[in-house]
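> There's a structure below that I have some questions on.
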Amino acid sequence: MSSTSQNAKLTEQIKTLEDYSNQSLPQDEFDYKALYNIQNSFIKSLLIAKLHRAKELKIQCHFECQKPIKSLPIPIFDSVRMLGILLDNALEAAAESQNKVIDIMIYQDDSQIEFLIKNTYQDASLALDQLQQKGYSTKAGHPGFGLNTVEEFKQKYTNLFVQYQRVDAVFSTQVILMKD
């Protein structure tokens, strides 16, 4: 499939998602037009899939990306894997929380691309360093490789910075990718 036909198909998917949201959600709740600024089809597909999942879980989403994002400064499959892990964790935590909210912001300037993912969560007793340990999981029967895999990417790429923070009932993950 050519990139032109892939882009047409992704544009069609975004339009379908936008039409669905216009019928199902209050108008101010989510603006899918921000997805048009994600010009990498792998990242766009990942975001569309996660936004669909959030809808299924009845999570209120806010998404912002004001400047076009064409590529990322680390290999795309590692980027998709890392963002997929972080978004899955945010979805799971938000789904278990009382307020069920996720905010996703993507910012780009001449020197960096930043992904900021904020989600509500329920269990405030977990330590941040414990969440990053290999084999630790909050889910029964789960191998617990998620945040540890993100930590491995931090070791692998010197231009990747990840920071976690908890304030009140909001968990934040900030990913900064420095451009060459």
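> Does segment 23-56 hold any residues that are at pLDDT below 70, open to solvent by less than 80 Å² (accessible area, probe 1.4 Å) and in a helix (DSSP H, G or I), and which are they?
Ser24, Tyr32 - these are the residues of segment 23-56 that are at pLDDT below 70, open to solvent by less than 80 Å² (accessible area, probe 1.4 Å) and in a helix (DSSP H, G or I).
> With Asp88, Asp103 as the choices, which residue is surrounded by fewer than 14 Cβ atoms within 10 Å (Cβ to Cβ) and either closer than 16 Å to Tyr164 by Cβ or at pLDDT below 90 (or both)?
None of the others qualify; the one that does is Asp88.
> Of all residues in segment 57-80, which are surrounded by 15 or more Cβ atoms within 10 Å (Cβ to Cβ) and charged (D, E, K, R)?
Correct list: Asp78 only.
> So Thr158 passes all but one of these: (1) at pLDDT 80 or above; (2) not in a loop (DSSP other than H, G, I, E, B). Which condition number does it fail?
In the conditions (1) at pLDDT 80 or above; (2) not in a loop (DSSP other than H, G, I, E, B), Thr158 misses (2) alone.
The values are calculated or read from the model by the stated rules, or taken from the named source; none is laboratory data. Everything numeric in this text was worked out from a predicted model, so none of it was measured. In this analysis, Cβ positions are derived from the backbone assuming ideal geometry, glycine residues included, and neighbour counts consider all displayed protein chains. Just so you know, the surface numbers come from the protein's heavy atoms only, side chains and all, with ligands and any DNA or RNA stripped out. Shrake-Rupley method; radii C 1.70, N 1.55, O 1.52, S 1.80 Å.
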